[in-house]
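Undergrad: The structure that follows is given in the form of C-alpha cells.
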Amino acid sequence: MKPTGHRPPRDVRPQAARFGLGRAVAAAPAMLGSLLLLMLASAALGRLARQLLPLGWVAGAAVLMTRVGEQMVLRAACGFHRPSPAQAAALKAAWSAALGVTGTDAGDVELYVQTARVPNAYAAGGRSVAVTSRVLEDYATGRLPAGQLVALLVHELGHHVTGATRPMLLVAWLTTPWRLTTRLLTNLSSTLAGRQCPRGALGAVVVGLAVAVIRTARHGQWMAGGVLVFVAVAAVLGPLANAAISRRSEYAADRFAADHGLALELAAALHALKGSGREAPRSLRRMWATHPSVDRRIAALLTANDRSSADRPAGGPKHERSTASASIRPSAVCQEVCQRASSTAVPSGSPPSTYPADLDL
C-alpha cells in the first residue's frame, strides 16, 4: 500500500523494505525448522503423501500472497469481518479522514471489525486494517473522540506504509509446523516440571537439550549436535529479533501519525488504552514484548509534537497539510490528558528522547 497524495515532512517509506526484510530474516530459522519437520514427517508417510505435504505447505503460502487468501485467513483465524451497515456508517467519517490525511487510495486497503471487549486496532497483511467493536462503542458513546479514532487509524495505516506487517501472514503460515512443535514441547516440559513453575519448565528444556547435545557429541554425531545447538539458539534469538523489530515498527507507525499532525491525539488515545488495563511487561519479559511500553510511546509522541512546534517559525508558513488533516485539531481535553501523561510518561532508566533515528537493526 502506497500513499498517493500528501506526504509527511519525514517520509518513512524508505524504511519499508528494512522492516519487511528484517522480520523475514528473524523468522528464517523457524521457517527452516518447519521445512525440516515437514521432511521428517513426510519420510514416515507414503510416497504420495511425501510429495503432497511440502507442496501443500508451499501452495498455502502462495495463496496467502493474494487478496482473496488474505481475506480468508483474516476472517477464519482472526475473526475479522466486514463492518455492518451501522458500523460502516459510524466509521465512514473517521476512515475517510484517515485516508485523506495519508493520501491513501481507498481501494488499496480494506477495513474490518473484530468483535472484542478490549479496545484495540490492528494492521494485518499487506492491505488490511481492523478495529475492535469496543472501539466503535467508545466512539459512539463519546469516550473516544473522533480525532483520536482518526489517529489510531492513521497509526495502523503507518504500519502498512512502513511494511512491518506485509510479510507476517506469510511468515505465520511458513512457521506453523515449527511453532506447533515448540508449543507441544513447551507444554510437555511444563507438565513434567509442574504448571506452577515456569522457570522449572525452562530449566527442563535447557537440561534436555544439553543432555542431547552431549550424547550426540560422545557418539561422534557432530552434525546432529550442531543441529540441536542451532535449534536452541534459533528458538531464543529468533523471537528476540522479531520482538525488537516489532517495537521499532511501533515507533515508526507512531512517527507516521505524528508527521501528519496527530501526535497529541494518538498520545491521548494511547493514554486511554493504558487506562483500559494494559500494563508494561516486567523484567526480562520486555525483551520478548512486541510493543514498547505505552509510557515510552507517549513520551516520544510528546517530544515529536514539541519539536514540530519548535521547527515551525512564528508567523511563518506552516507545513503543507491536506484538507482533511487541517480539520483535525487536538482538543483541549486531549492536550490536558497529554500534559498529565507527560509527567509520568518517561520512567527512570533510558527512555527515548525522540524517535529512533535508524530503524534498522
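Undergrad: Near the amide H of F80, under 5 Å away, which other amide H atoms are found, from residues 5 or more places off or on another chain, if H is placed in the peptide plane?
TA: Placed amide hydrogens put R75 under 5 Å from F80.
Undergrad: Got a sec? Charge dipole of the range 4-151, +1 on Cβ for Lys and Arg, -1 for Asp and Glu; which of S96, A24, A106 is way out at the positive end?
TA: The Cα lying farthest towards the positive end belongs to A24.
Undergrad: Return the distance in nm (one decimal) between the two label points of a simple spin-label model at A62 and L185, each offset 7 Å from Cα along Cα→Cβ.
TA: About 3.1 nm, to one decimal.
Undergrad: Provide the gained length on full extension for the span A93 to A43, in nm with one decimal, where the gain is 0.36 nm per separating residue minus the Cα-Cα distance. Let's see the in-between values first.
TA: On the way: separation 50, 0.36 × 50 = 18.00 nm, distance 5.58 nm.
Residue separation times 0.36 nm, minus the Cα-Cα distance, leaves 12.4 nm.
Undergrad: Counting only the backbone N, which residues of the range 107-151 are under 17 Å from the spot 7 Å out from the Cα of H81 toward its beta-carbon?
TA: 111-118, 130-137
Undergrad: Write out the trypsin sites (Lys or Arg not before Pro) in the range 70-134 meeting two conditions: DSSP loop, and at most 16 other Cβ atoms within 10 Å of their Cβ. Walk me through the numbers on the way to the answer.
TA: Numbers: sites: R75, K92, R117, R127, R134; in loops: R117, R127.
Of the trypsin sites (Lys or Arg not before Pro), the ones in loops of the range 70-134 whose Cβ has at most 16 other Cβ atoms within 10 Å are R117.
Undergrad: Can I ask one more? Please turn the phi angles of the range 254-270 into ³J(HN,Hα) values with the Karplus equation 6.51 cos²θ - 1.76 cosθ + 1.60 (θ = phi - 60°), one per residue in order, whole Hz, x for glycine and proline.
TA: 4, 5, 4, 5, 5, 5, 9, x, 10, 5, 5, 5, 5, 4, 5, 5, 5
Undergrad: While we're here: What distance in nm separates the two pseudo spin-label positions at E137 and D306, each 7 Å out from Cα along the beta-carbon direction?
TA: In this crude spin-label approximation the distance works out to 3.7 nm.
Undergrad: What does the C-alpha gyration tensor say about the overall shape of the range 119-192? Classify as rounded when a/c is under 1.5, otherwise prolate if a/b is larger than b/c, or oblate. It would help to have the intermediate numbers written out before the result.
TA: On the way: a/c = 4.28, a/b = 1.81, b/c = 2.36.
Because a/c hits 1.5 or more and a/b fails to exceed b/c, the range 119-192 counts as oblate.
Undergrad: R50 to L36: extension gain in nm, 0.36 nm per residue of separation minus the Cα-Cα distance?
TA: Values: separation 14, 0.36 × 14 = 5.04 nm, distance 1.29 nm.
Length difference between fully extended and current span is 3.8 nm.
Undergrad: Which of rounded, prolate, oblate describes the range 22-149, given a ≥ b ≥ c as roots of the alpha-carbon gyration tensor eigenvalues and a/c under 1.5 marking rounded, otherwise prolate only if a/b is larger than b/c? List each step's numbers first, then the result.
TA: Working: a/c = 2.82, a/b = 2.62, b/c = 1.08.
Prolate, since a/c reaches 1.5 and a/b exceeds b/c.
Coordinate-derived values only; no laboratory data. Note that the coordinates shown come from a computational prediction; the quantities given were computed from them, not determined experimentally. Counting neighbours? That spans all protein chains shown, and the Cβs are built from the backbone with ideal geometry, glycine included.
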